[in-house]
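Working notes, beginning with the structure itself.
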Amino acid sequence: MIRLIALIMGLTISLITLTPSAKADNWQIIAPESSLSFTATQAGSPFTGHFKQFDAAVTFDPASPEAAHIHAEIDLTSARTGADDRDAALMTPTWFNSEAFPKAVYEASGFTPVGDGRFETQGTLTLKGISQPLTLQFTLEITDDMAHVTGVAKIVRTNFNVGSGDFESGKWISKAVEVQLMLTAEKVPAGDAP
């Protein structure tokens, strides 16, 4: 009986020792070294805009990419396209309706490796009060405690009721919008994690 108890205790200790920690690392976006932009066409000519303010909480362990998580918030009022009239129009109810919906939120869990440092994650974008699935494809490079991400996602703006009324057809402003991100993030020491 004593030997059986000892054997069970030994197996339990071994399992605890072999089980990896479920806690992934936290990463903090370095805003001055990161960007979030979008490209569409107006009257057949491409234009690019960017969001001056956004942030993301990221947990990621290279050994367990399936446990990764992203929660990103984008300040829609910070959108700039290089044309004052277009920037003002984006804030109206026809487009972002930023007074009622000042932020967009993207949330995703799990990174799927697709080779050569590339990943894919299936998440949900909530924009103008509407939530739709959104796939983000990106490359990830980690050197010491710094991570560099370059990614792209494609959305159809009318799925979020962005550009309604006369602009819904896509005749003047394309329905397809490509979102590009370039992020630099730093690993947050365990004691400093929120």
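General observations
- The lone exception for residue 150 - which of (1) more than 27 Å from residue 127 (Cα to Cα); (2) in contact with a strand residue (DSSP E or B) (Cβ under 9 Å, 6 or more places away or on another chain) it fails: (1)
- Close pairs (7 angstrom Cβ cut-off, 6 or more residues apart or separate chains): under 23 Å from residue 56 (Cα atoms) in the range 144-166, open to solvent by 40 Å² or more (accessible area, probe 1.4 Å) and of a type in the set (Lys, Arg) anywhere: 145/187; 156/175; 157/175
- When the range 66-75 is limited to residues that are surrounded by 13 or more Cβ atoms within 10 Å (Cβ to Cβ) and touching a Ser or Thr at 6+ places or on another chain (Cβ under 8 Å), the one that is farthest from residue 188 (Cα to Cα) turns out to be 67.
- Top-ranked residue in the range 32-65 [being in a loop (DSSP other than H, G, I, E, B) and closer than 17 Å to residue 78 by Cα; ranked as most open to solvent (accessible area, probe 1.4 Å)]: 52
- Failed criterion for residue 45 (all others in (1) over 26 Å from residue 83 (Cβ atoms); (2) out of contact with any strand residue (DSSP E or B) (no Cβ under 9 Å at 6 or more places or on another chain); (3) at pLDDT 90 or above hold): (1)
- Among residues of the range 66-85 that are farther than 20 Å from residue 102 by Cα, those with a Cβ under 9 angstrom from a residue that is part of a loop (DSSP other than H, G, I, E, B) and modelled with pLDDT under 95, sequence gap 6+ or separate chain, pair up as 67/22; 67/24; 67/61; 68/24; 68/61; 69/24.
The values are calculated or read from the model by the stated rules, or taken from the named source; none is laboratory data. As the structure is a prediction and not an experimental result, all values here were calculated from the model. Counting neighbours? That spans all protein chains shown, and the Cβs are built from the backbone with ideal geometry, glycine included. Accessible surface areas use protein heavy atoms only, side chains included; no ligands, DNA or RNA. Shrake-Rupley method; radii C 1.70, N 1.55, O 1.52, S 1.80 Å.
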